[in-house]
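Contents: one structure, followed by commentary.
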Amino acid sequence: MSAVLDQAPTTSSALTSATGTGDSGHAVSLRNAQVRFDRFVALQDISVDLEQGGFYSILGPSGCGKSTLLRLISDLVPADRGEVTIHGKPTEEARLAREFAFVFQDATLLPWRSVLANVCLPLETGRKRGVAINATEDDARRLIRMVGLEGREKALPHELSGGMRQRVAIARALICKPKVLLMDEPFGALDEMTRDRLNLELLDIWRDSGVTVAFVTHSISEAVFLGTHVLTLAAHPGRVRDLTRIELSHRNIDIRETPEFNAYCGRLRRVLETC
Ligand SMILES: Nc1ncnc2c1ncn2[C@@H]1O[C@H](COP(=O)(O)OP(=O)(O)OP(=O)(O)O)[C@@H](O)[C@H]1O
């Protein structure tokens, strides 16, 4: 693993605090994990722990392996070396137990199903596979309210804006009460105002639900605004370059104009220049 670049007081040097095995109390734990596509090493020697309830923004140059890291955690690609656990469980076991959920850049809603039916979809698929899911249609309605879409339960996806569709995708991801939420540039295709609003809503959801979030973004500002930590990957091969703990005095949109916020952004920009 690459070293942390500096030890400034605002920066956590703790890339990892676990000694290695079993459920260390971390939401996600990667130990010397490697992903290979044929001969190409996409991720190399990744060792990092995500604390329960943390919000981890993930930055890095294009092609460095950010999406692959989320796919590794979510059992969509296998580790060819090393170990990945979610709350102490191997990723396949965690997937079957629905310990995590994924939100992609594209909301991937079923176009013929209403908002409510889309949010309820994981309950139906879970039932078909014999997985007991402790959630009901009332929970779906509550989540729809939480993401600000009360009154739109019967709407079809094409009747919604891009931001609304992403809200539905977030509600759908939360219906099975995952412990870990993996988000791959979920707001990347949205205009800045919508993105700002969804950033604030996501922070509320994160605080209320206690879910651990891993959030890929290309925006340094978004990474700092949302994250309790920013994990930066370097490219060729993808590896951990830095983990910075973010300690902001508050998280209103206006924080982005303050020196404390800009100091984090400046530091991360310098880290990215080395990736
Ligand atoms: N299924 C695959 N087969 C072969 N190579 C792959 C596969 N998936 C990803 N890669 C390669 O792995 C590397 C990392 O890809 P990944 O999509 O994880 O990067 P990223 O950091 O998310 O990129 P971006 O910021 O552009 O979205 C890239 O070089 C990509 O071409």
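The values are calculated or read from the model by the stated rules, or taken from the named source; none is laboratory data. Because the structure is a prediction, the values reported are computed rather than measured. Reconstructed Cβ throughout: ideal geometry from the backbone, glycine too, with neighbour counts over all protein chains shown. Each accessible area value is taken on the protein alone, full model and side chains, heavy atoms only, with ligands, DNA and RNA left out. Shrake-Rupley method; radii C 1.70, N 1.55, O 1.52, S 1.80 Å.
Please tell me if ALA155 is more than 29 Å from VAL48 (Cβ to Cβ) and modelled with pLDDT of 90 or more. If you could, list the steps in order and put the result at the bottom.
On the way: more than 29 Å from VAL48 (Cβ to Cβ): yes; modelled with pLDDT of 90 or more: yes.
Criteria met by ALA155.
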Q | Output for the stretch 38-56, where each listed residue is at pLDDT 95 or above, within 16 Å of the ligand (Cβ to nearest atom) and of a type in the set (Phe, Trp, Tyr) | A | TYR56
Q) Can LYS128 be described as among the charged types (D, E, K, R) and touching a residue at least 60 places away in the same chain (Cβ under 8 Å)? A) no
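Regarding VAL119, is this residue among the β-branched types (Val, Ile, Thr), open to solvent by less than 20 Å² (accessible area, probe 1.4 Å) and more than 25 Å from ALA234 (Cα to Cα)? Before the answer, list the steps.
On the way: among the β-branched types (Val, Ile, Thr): yes; open to solvent by less than 20 Å² (accessible area, probe 1.4 Å): yes; more than 25 Å from ALA234 (Cα to Cα): yes.
Yes, satisfied.
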Q: Might you let me know whether the stretch 76-86 holds any residue that is open to solvent by 30 Å² or more (accessible area, probe 1.4 Å), within 15 Å of LEU181 (Cβ to Cβ) and either near the ligand (Cβ under 9 Å from one of its atoms) or touching a residue at least 40 places away in the same chain (Cβ under 8 Å) (or both)?
A: no
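Against the condition without any contact (Cβ under 8 Å) to a residue 24 or more places away in the chain and either buried (at least 20 other Cβ atoms within 10 Å of the Cβ) or away from the ligand (no atom under 16 Å from the Cβ) (or both), how does ARG142 come out, does it pass?
On the way: without any contact (Cβ under 8 Å) to a residue 24 or more places away in the chain: yes; either buried (at least 20 other Cβ atoms within 10 Å of the Cβ) or away from the ligand (no atom under 16 Å from the Cβ) (or both): yes.
Criteria met by ARG142.
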